[in-house]
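Everything below concerns the one structure shown next.
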Amino acid sequence: MINKVGVIGAGQMGNGIAHVMAVAGYDVFLKDVGEIQLERALSVIDNNLKRQVGRGKLEDADRVAALARIKPVLTDDYLAEVDLVIEAATENEEIKKAILAPLGPQLKPEAIIATNTSSISVTRLAAVTDRPSQFMGMHFMNPVPVMKLVELIRGIATSEETFNAIRDLSVNLGKTPTPAEDFPAFIVNRILLPMINEAIYTLYEGVGSVQAIDTAMRLGANHPMGPLQLADFIGLDVCLSIMQVLYEGLADTKYRPCPLLVKYVEAGWLGRKSNRGFYDYSTDTPTPTR
């Protein structure tokens, strides 16, 4: 039975996961490396909860109750209490392994570990823990409070009991769980990121401008957001990381990251979070940078 949940990483994904867990009635420990990150996360959660109240999707009393269920923490003392811990750190395999490896001895024997990885092998991550059978991927979509899908990924050792517990939890969160096999980038990003990468190649080769490409895909393919605008929203560093996982994991040149994507990341132009990517976000109206 899952009642208390730990979320490691209070960034965009971690604070979203904490948000939906708390709204669904779970007690949440939200961990990060510093007070500033935790304060920022709680502020984002509160603003997103207020937005839900404003849209009539939540009562204000529920907002207050949800916030009260989230406890920010800087140490690992909470681990002995939780039934599930979800790692939601940056999409870097070595960082994730460093976080996951020491968790086991501090957890209850029956506790489950999940990773929110969007592309990395769940089996490889499970192997650094003391409980591969109680480990699996739980890939939320961004923004977590809005998006309905959760990809559920079994590692080679994941037990049926673990999978069923996480599937039931996903349903309790109001999400639609969809199983995916443990191949690089799973389902959504296996399809989505090559499309974004191809849009960047289209820009790189001069086939169209940023505005032309995004307008074409919004109006010609009925996408709610153009692929370059979406890349900025995801974060160009995350896009590059996932393309590298696909390229290295599947050894197929069709997944080669576009050189322009690499150059933008090298320049620190990471999209919305750095105020510049394929669009400049320094003014009220984002303007294309190419």
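The values are calculated or read from the model by the stated rules, or taken from the named source; none is laboratory data. These numbers were taken from a predicted model, which means no experiment stands behind them. No Cβ is skipped: glycine too gets one built from the backbone with ideal geometry, and neighbour counts run over all protein chains shown.
Do the conditions hold for TYR247, that is, is it out of contact with any Lys or Arg (no Cβ under 6 Å at 6 or more places or on another chain), in a helix (DSSP H, G or I) and among the aromatic types (Phe, Trp, Tyr)?
Numbers: out of contact with any Lys or Arg (no Cβ under 6 Å at 6 or more places or on another chain): no; in a helix (DSSP H, G or I): yes; among the aromatic types (Phe, Trp, Tyr): yes.
So TYR247 fails the test.
In region 32-52, the residues that are over 16 Å from ALA88 (Cα atoms) reach residues that are among the hydrophobic types (A, V, I, L, M, F, W, C) with C-beta atoms within less than 7 angstrom, at least six apart or across chains, in these pairs: ASP46/LEU67; LEU49/LEU58; LEU49/ALA66; LEU49/LEU67; GLN52/LEU58.
Table: residues versus (1) in contact with a strand residue (DSSP E or B) (Cβ under 6 Å, 6 or more places away or on another chain); (2) in contact (Cβ under 8 Å) with a residue 60 or more places away in the chain; (3) not aliphatic (A, V, I, L, M).
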| residue | (1), (2), (3) |
| --- | --- |
| THR202 | no, no, yes |
| ILE213 | no, no, no |
| LEU219 | no, no, no |
| PRO224 | no, no, yes |
| LEU236 | yes, no, no |
| MET243 | no, no, no |
| THR253 | no, no, yes |
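Within region 119-142, can you find the residues that are outside any helix (DSSP H, G or I), of a type outside the set (A, V, I, L, M) and at pLDDT 95 or above?
SER121, THR129, ASP130, ARG131, PHE135, GLY137, HIS139, PHE140
Given LYS96, LYS71, LYS50, which one is under 20 Å from THR158 (Cβ atoms) and at pLDDT 95 or above? Criteria check complete, one pass: LYS96.
Test each condition in (1) assigned to a loop (DSSP other than H, G, I, E, B); (2) modelled with pLDDT of 95 or more for VAL262 and report the one that comes out false. Of everything listed in (1) assigned to a loop (DSSP other than H, G, I, E, B); (2) modelled with pLDDT of 95 or more, VAL262 misses just condition (1).
Give the residue that is nearest to the chain's Cα centre (by Cα), with candidates limited to residues of region 47-79 that are farther than 19 Å from GLY34 by Cα and among the acidic types (Asp, Glu). Per the stated criteria, the residue is ASP62. The residues of region 164-184 that are under 17 Å from MET147 (Cβ atoms) and either in contact with a helix residue (DSSP H, G or I) (Cβ under 7 Å, 6 or more places away or on another chain) or at pLDDT below 95 (or both), listed by number, are LEU173, PRO177. Only one of the numbered conditions (1) on the phi > 0 side of the Ramachandran plot; (2) touching a helix residue (DSSP H, G or I) at 6+ places or on another chain (Cβ under 6 Å); (3) surrounded by fewer than 19 Cβ atoms within 10 Å (Cβ to Cβ) is violated by TYR247, and that is (1). Condition (residue is within 19 Å of the chain's Cα centre (by Cα), surrounded by fewer than 17 Cβ atoms within 10 Å (Cβ to Cβ) and touching a residue at least 40 places away in the same chain (Cβ under 8 Å)) applied to region 173-187: is it met by at least one residue? Yes, that holds for at least one residue.
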